1. Taking into account only those residues within segment B:499-531 that are part of a loop (DSSP other than H, G, I, E, B), touching a helix residue (DSSP H, G or I) at 6+ places or on another chain (Cβ under 6 Å) and at the interface with chain A (Cβ under 7 Å from one of its Cβ atoms), which is surrounded by the fewest Cβ atoms within 10 Å (Cβ to Cβ)?
2. Looking at B:LYS347, B:LYS385, which is the one that is touching a residue at least 40 places away in the same chain (Cβ under 8 Å), touching a strand residue (DSSP E or B) at 6+ places or on another chain (Cβ under 7 Å) and in the same structural domain as B:LEU285 (by TED's automatic domain parsing)?
3. If you check B:GLY470, B:GLY462, B:GLY457, which single one turns out to be touching a helix residue (DSSP H, G or I) at 6+ places or on another chain (Cβ under 7 Å) and surrounded by fewer than 16 Cβ atoms within 10 Å (Cβ to Cβ)?
4. Residues in segment A:142-151: is at least one closer than 15 Å to B:PHE418 by Cα, modelled with pLDDT under 85, more than 7 Å from chain B (Cβ to nearest Cβ) and not in a helix (DSSP H, G or I)?
5. Quick one: is B:GLU88 among the charged types (D, E, K, R) and over 27 Å from B:LEU138 (Cα atoms)?
6. Would you check if there is a residue in segment B:533-545 being at the interface with another protein chain (Cβ under 7 Å from one of its Cβ atoms), under 22 Å from A:ALA267 (Cα atoms), in a loop (DSSP other than H, G, I, E, B) and at pLDDT below 90?
7. Does B:LEU413 meet the test of being at the interface with another protein chain (Cβ under 9 Å from one of its Cβ atoms) and not β-branched (Val, Ile, Thr)?
8. Looking at B:ARG603, is it more than 8 Å from chain A (Cβ to nearest Cβ), surrounded by fewer than 22 Cβ atoms within 10 Å (Cβ to Cβ), at pLDDT 85 or above and over 28 Å from A:ASP230 (Cα atoms)?
Amino acid sequence: MKKRKENKEKLYLSDKPPLTLFGKIGIFLTYVVLFAWVYAIVWPLFQMFVSAFNGKQQQYIMANSNFEFSIRHFQYLFTETLYLTWVKNTLIIAGTTALLTLIVVSFTGYAYSRYRFKGRNASLMAIMLIQTIPTFAGITAYFTMHSIVSSIIPQFSRQMMLILIYTGGAIASNTFILKGYIDSVSTELDDAAKIDGCSNFNVYRLIIMPIARPMLTIIALWSFIGPFMDYLLAKVLLTSPQSYTLAAGLYTLVTDFRTMNQPAFAAGGLLTAVPIVILFIALQKQLVSGLTSGSVKG
Amino acid sequence: MKKLGKISVFLYDNIGNTYERKNKYLLELALLDEKIKNEKDNDLKRKLKKQRREIKKNKSKHSYIISLRDYEKKEKAFLNELKRSKKEYIKSLKEDKTNRKLIKLKTRLFESEKKLTFYKEYIDLSYDAEFEYRKASLDTIHLPKIIEFFIDGQSELSSALAEKEKLKNLDENDFNNEFKRFKAFQKDILKEEKLRIKNLRKQGLISKKAEENRLKEIKKKYDNALEIKKRESKKFANKEFIKTKKYELKKNLKTMTKVLEADISDYRRKTPVEIEKTIPYYSYLTILIPGLGQGLNKQYMKMLLFFIATIFIYLVAVPYALGYGNYQGQGIAGLISLAEGGLRIHKSIIFMIEGIVAVFLSIIAVGILIISFLDVHKVEKNAIKGIRPSNWFETKMTISEEGFPYIVSLPALLIIVFIVLVPIMTTFLLSFTNMDPQHQSKFTWIGLNNYKMIIMGEGLAGKVFWLILGWTVIWTLAATTLAILIGFILALLVNNERIRGKKFFRTIYLLPWAVPAFITIMFFSIMVAPGGVLTEIINNLTGLKVEIKNNPTLTRIALILMQGWLGSSYIFILTTGVLQAIPGDLYEAADMDGATAWDKIRRITVPLVLFQTAPLLVTQYTFNFNNFSAIFLFNGGGPFDPIKYGNLAGSSDILISYIYKLTMDNQYQAIGAAITMFISLGLMIFTFIGFKNSKQFKEGRL
């Protein structure tokens, strides 16, 4: 190894032409721009990090205050607020949404990809158009629908309503994504399985599902992350702090005068963001491939 | 093929084969019909018609009909007798009462044998008898084999089970010890191999991929060796044998019966049916009761299914649509009345939603009625032509083949209808009402007034509409374009092959996308608040005392910059993905032709990236058009400017946050709904045009 390094210094081994002066300046400027943007990204996040750990910060996050390492904002978060309840709520809602979406979408994606049935193109077009309407459009109805259903079935909570709304919103676009993915799987596999006596359902379970697993993972992941990111519906639909999701709960730490505590918000935000960021970095490639397949939905 | 109301001379089956009629009476009528049709002379025609009437009148005296009636009588007697003897036969089988499957198979064989001898005499008389005969003959060929297989399998299984009992107390310590030794030995080998492969890798002789593969391979080998060894244990082998045998028995029995049923269906297709009926009137008579027609067609399982649907229609859909079983409303009628003149606690919105639900239920009910009618009609029409109605086995196959996409899409359909469509319909209808703070509980239809107010820019809520729309468009274009530019340029720069630390940059640039947006937006909002970190820095740098959140222009600029920061990440990742997929030889070829770096970007990179990401870029624009979080969480749509914007909106509000404020904070639901519809329509047209132009749509491979 060492030898190679030495060689490299002596010989010009690259197959690229050597850099001119202009080129060198260009590379330098590129680095300047890139690092500037790194700074632009890291700085605000770093500020959040610092504020979360700064014991000197009071209710409002102020500039130029001294720094003193402390975890009291985190303590506040766990003892004075319902942070853990919010985490639990969000996990339940996100998990159920992901599961429901996965079940429903895996069937529709398969059916739309492999079968030519009556009303297929018309319904695809309809799905296309419906998904452009923001979920928010039905907000007035959601309230009333919930009160109607819950008067008949008292167990029907607002969180369940939220789960159904998230699932309903996720069906259309994910059907497109999965359909596009399954389209790229050769139908010869299906035919072979069918000749061997597989039923339609088994063709999906034994052949298509294992192949489509990467995409199914992405769909599950996206629908899982959705409730972590969504603030609007959760805030509007959930009314008691006990039932809040993370987004709605943390929001009360910044806006509500009674519960205002900005450093605690920074701490909570940090705790929420870290696992998601790790997930994103670890699954970067898969997430991106899911996005580009999503281009099917145009 | 032929006109209804006339009896055809020949019969046709599923595949289009032609058959002679066996029913001489019908044949006579058919031949007469043909003659009447071809006869030009009116007198003769009349004569023939009279003859036809005569034959019909004397139907019961017709020689064929007499023999047919005779056959029917005998068949009835035979079937009764068969039922009786079947019972006796089952009793005589008492030795294995518990084995229901076997009894079922045996009785079926018994019946078929009897049928075979009975129906043989009548093959030439009627197609029904012929079909029964063929069915029975198939049974007598297949069933003995099935029964033999079943008995053999069961005896093997029971001997294995007996063996299991015997083995229960067997001490297998010897084997266990041996197995342990064997396992340890194999593990050693595995370890050695692992080490060897790792060494190879260390020496650089094999790649990492090869190393992984080889490791997997030896692990598999190890597992297999253990599995094989395990089978030397008598207990384990016995257990496995029982498991396999049970599975085999179940599966093979199923397949064998399926083959038999399929063979029968084959005869079903090739044996026509003869009926006197010439007009498919069942389907019309039973149109309102799905299931009845299927029953008349002798498709009893199908009948049951449709009866369930009938129950839904007459116990759920119809009463609900008429207002029974509603929470408050009056079914579809509630859509018109909107609780007008109702009790105090009655709410118009509930009446509206229940009305919409009632409409959807009615649509489903009508759909079922149509499906049922079409089904009965088709079967009936086919039967007139001569095609025998399919049996349950075939129907089941059809359902699992052609009905599969419908069945599996059903949950999605239900969720879409009730969670997506009903609310959207509600919003749509709300936009034609006057639901506002004064009319919360009871409101009425006011036609297009809301839309008029919006378009003319009148009224409390309407007058700022165009102002907000203007800013919404500016915001959408500016914020999205900025994000796209930043993301694209950064991706290009990082992708330069001379730049090192690509992984580092790509990870950092991912962050704005990975951190949940609501967190970053709120934190930005904290930072630009008076006394916030960013405000202080700007003030120190410029020496001014700016208050971003109180200055409309500054707020807007800050919003656009923030969204540029947030959105660039996604574009960066997307573009990087595309850039990495561009084949390098394109650039090499360009180099040879003396292209400059700028040329390469302009002629190769930009077109390729744009072509592949265009649809996603479009969704970025629509996303920002509706980017509620950025606007609302940053500054609540503020700062407020009552002179220009009134009390309902702030100067950085976009349409979606304006709708939110109208609907949620100020209870102007109707106007909010109208604006929502306005936006949705715009977006739909936008998407539709984009979709129409997309490759998939044009190539017709949706």
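1. B:PRO516
2. Exactly one of B:LYS347, B:LYS385 is touching a residue at least 40 places away in the same chain (Cβ under 8 Å), touching a strand residue (DSSP E or B) at 6+ places or on another chain (Cβ under 7 Å) and in the same structural domain as B:LEU285 (by TED's automatic domain parsing), namely B:LYS385.
3. None of the others qualify; the one that does is B:GLY457.
4. Checked segment A:142-151: no residue is closer than 15 Å to B:PHE418 by Cα, modelled with pLDDT under 85, more than 7 Å from chain B (Cβ to nearest Cβ) and not in a helix (DSSP H, G or I).
5. So B:GLU88 does not fit the description; no.
6. No: segment B:533-545 contains no residue that is at the interface with another protein chain (Cβ under 7 Å from one of its Cβ atoms), under 22 Å from A:ALA267 (Cα atoms), in a loop (DSSP other than H, G, I, E, B) and at pLDDT below 90.
7. yes
8. So B:ARG603 passes the test.
The values are calculated or read from the model by the stated rules, or taken from the named source; none is laboratory data. Given the structure is predicted, the values throughout are model-derived calculations rather than measurements. FYI the Cβ positions are ideal-geometry reconstructions off the backbone, even for glycines, and counts take in every protein chain you see.
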